[in-house]
1. Spin-label point model (7 Å from Cα, Cβ direction): what's the Thr78 to Ser2 distance in nm?
2. Could you give the Stokes-Einstein D for region 19-84 in µm² per second, using the C-alpha Kirkwood radius, 25 °C, 0.890 mPa s?
3. Lys and Arg at +1, Asp and Glu at -1: add these up for the other residues within a Cβ distance under 14 Å of Leu103 and post the number.
4. Counting Lys and Arg as +1 and Asp and Glu as -1, what is the net charge of the other residues whose Cβ lies under 15 Å from the Cβ of Gly88?
5. Let's see if you can work this out: charge +1 on each Lys and Arg Cβ, -1 on each Asp and Glu Cβ, no other charges. What is the dipole magnitude of the chain about its Cα centre, in debye to the nearest 20?
6. Around Lys45, with a cut-off of 13 angstrom between Cβ atoms, what is the net charge of the other residues, counting Lys and Arg +1 and Asp and Glu -1?
7. Of all alpha-carbon pairs in the chain, indicate the percentage at a distance above 19 angstrom.
8. With the chain treated as a Gaussian network of Cα nodes joined by springs under 10 Å, which of His97, His63, His75 yields the largest mean-square fluctuation?
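Each reported figure results from applying straightforward, stated rules to the coordinates on display, with no laboratory input. This one's a predicted model, so the numbers in the text were calculated from it and none came from an experiment. Please note: Cβ atoms are built from the backbone with ideal geometry, for glycine as well, and neighbour counts cover all protein chains shown.
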Amino acid sequence: MSDCLFCRIVARQTPAQFVYEDDRAAAFKDVNPQAPTHVLIVPKKHISSLAEASDEDAELLGHLQRVACRIALEHSLTKGFRVVTNNGRGAGQSVDHLHYHLLGGRAMTWPPG
Ligand code: DGP
């Protein structure tokens, strides 16, 4: 989608610091990091949010989480890491292209704010 920020990043029309890419997924550093490691993992396919994913996307959703684990290992997040997606404005979603936040490198608290 040409009016989607993350589609434009995936298409390399908007710059970002990529840390991973394959045929189905891409990952790049969050522009406003909330932890020493803060990476966004996105599907290349435009899905506006987790709630908009279909049963057909189930394998893709699993793949995104496997990618998150792989990046966590590569960043040596041995003390722990968090993978989270915000679904909807009320949960803090500001970009309408499904993305998982991978956060690590500092202690995490629970519940998140
Ligand atoms: P969320 O609020 O859950 O929809 O997360 C959106 C994230 O996207 C937020 O943490 C900031 C990040 N972000 C917004 N614009 C850009 C951008 O242009 N480049 C990058 N790399 N990240 C962005």
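1. About 5.0 nm separates the two model spin labels.
2. Values: Rh = 12.6 Å.
My calculation gives 194 µm²/s for D.
3. Working: positive: Lys29, Lys79, Arg82, Arg106; negative: Asp30.
Around Leu103, the surrounding residues sum to +3.
4. Numbers: positive: Arg89; negative: Glu52, Asp96.
Counting the neighbours of Gly88, the net charge comes to -1.
5. Numbers: 12 positive and 12 negative charges, 103 e Å.
Magnitude of the dipole: close to 500 debye.
6. Local charge sum for Lys45: -4.
7. Working: 2731 of 6328 pairs.
Looking at the chain, the distances longer than 19 Å represent 43 percent of pairs.
8. His75
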